[in-house]
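Participant: If you scroll down you'll find the structure; I have some questions about it.
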Amino acid sequence: MEGEESKTLNIDKFEMMFRRNHQFLCAVAMEYVHDQFTAEDMVQDFFLDFWQRRHTIQLTTSFEAYARRAVKYKCIDFLRKGVVNEKRNSMLDLLEEQQEDIDETEYNEIRHKRYLKIVELIQKLPENRRNIFIMHAVDKMSYADIAKKQSITINTVKTQLSRAYSALRNHLILVCVVFIHCQAFFKFLLEKK
């Protein structure tokens with residue numbers, strides 16, 4: 001089938017070409033893609049493409065030679081796209097891992113800064129209140145044990161702890177508010193650029 005014959009290709013001739021060449025072309029595709037389903041897809045794509053372009057294709061060789069070459073190039077293109085996608089996916093995975101590392105580092109830095117701020121705030125508490133707070137929060141001592149050790153009443157322990165927690169909470173809320181405003185301000189500046 002050369003030249004003019006492809007322009008007059010009807011469905012019956014096309015079906016006969018399909019049946020005569022399908023198995024051979026699947027074997028050609030298998031040499032490249034090494035997967036029966038993919039090979040059959042490549043051959044189906046070839047025949048579909050050939051049918052859609054039947055009025056514009058001008059064969060200068062036999063149909064079998066043309067079909068073999070077309071299926072070969074379809075397979076090579078498929079493999080190339082697979083390699084590109086694989087590279088893209090591995091790059092995306094690498095970028096995602098790097099971003100996770102950055103996020104974790106930033107999170108750890110924020111936690112460390114918050115920890116240092118809490119330590120600083122605890123150090124600013126009056127000495128007796130600070131000692132009671134540390135015994136309760138760090139040493140996990142009960143109110144009764146703290147009262148006994150400090151020679152004070154349990155109500156005094158409760159009052160001092162309440163005041164310590166209140167002072168820390170108020171300072172931390174203030175720090176968070178300042179941090180949020182600074183963050184919003186820096187974001188606003190970056191968006192301006």
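The values are calculated or read from the model by the stated rules, or taken from the named source; none is laboratory data. Nothing here was measured: the structure is a model prediction, and the numbers come from that model. Here the Cβ is made from the backbone with ideal geometry for all residues, glycine too, and neighbour counts use every protein chain on show.
Participant: Among what's in the stretch 1-49 and is β-branched (Val, Ile, Thr) and under 36 Å from the mean Cα position of the chain (by Cα), pick the residue that is modelled with the highest pLDDT.
Facilitator: Taking the stretch 1-49 and keeping what is β-branched (Val, Ile, Thr), we get 8, 11, 28, 33, 38, 43.
With under 36 Å from the mean Cα position of the chain (by Cα) added as a condition, the list becomes 33, 38, 43.
Working: VAL33: 91, THR38: 90, VAL43: 94.
Taking the candidates together, the pick is VAL43.
Participant: Let me ask something else. Need pairs with beta-carbon distance below 7 Å; first residue touching a residue at least 40 places away in the same chain (Cβ under 8 Å) and within the stretch 43-68, second in a helix (DSSP H, G or I) and of a type in the set (Val, Ile, Thr); sequence gap 6+ or separate chains.
Facilitator: ARG68/VAL28
Participant: Here's another thing I want to ask about it. Quick one: would you say TYR115 is under 30 Å from ASN170 (Cα atoms) and either of a type in the set (Ser, Thr, Tyr) or modelled with pLDDT of 90 or more (or both)?
Facilitator: yes
Participant: Next question. Out of the stretch 151-171, which residues are closer than 16 Å to ILE134 by Cβ and among the aliphatic types (A, V, I, L, M)?
Facilitator: Listed by number, the residues that qualify are ILE152, VAL157, LEU161, ALA164, ALA167, LEU168.
Participant: Additional query: How many residues does the stretch 51-101 contain that are of a type in the set (Val, Ile, Thr), closer than 22 Å to ALA39 by Cβ and at pLDDT 85 or above?
Facilitator: Let us first name the residues in the stretch 51-101 that are of a type in the set (Val, Ile, Thr), namely 56-57, 60-61, 71, 76, 83-84.
Now drop any that are not closer than 22 Å to ALA39 by Cβ, which leaves 71, 76, 83-84.
Checking which are at pLDDT 85 or above leaves us with 71, 76.
Looking only at that region, the number is 2.
Participant: Which residues, taken from the stretch 55-97, are surrounded by 15 or more Cβ atoms within 10 Å (Cβ to Cβ) and more than 17 Å from HIS22 (Cβ to Cβ)?
Facilitator: ILE57, LEU59, PHE78
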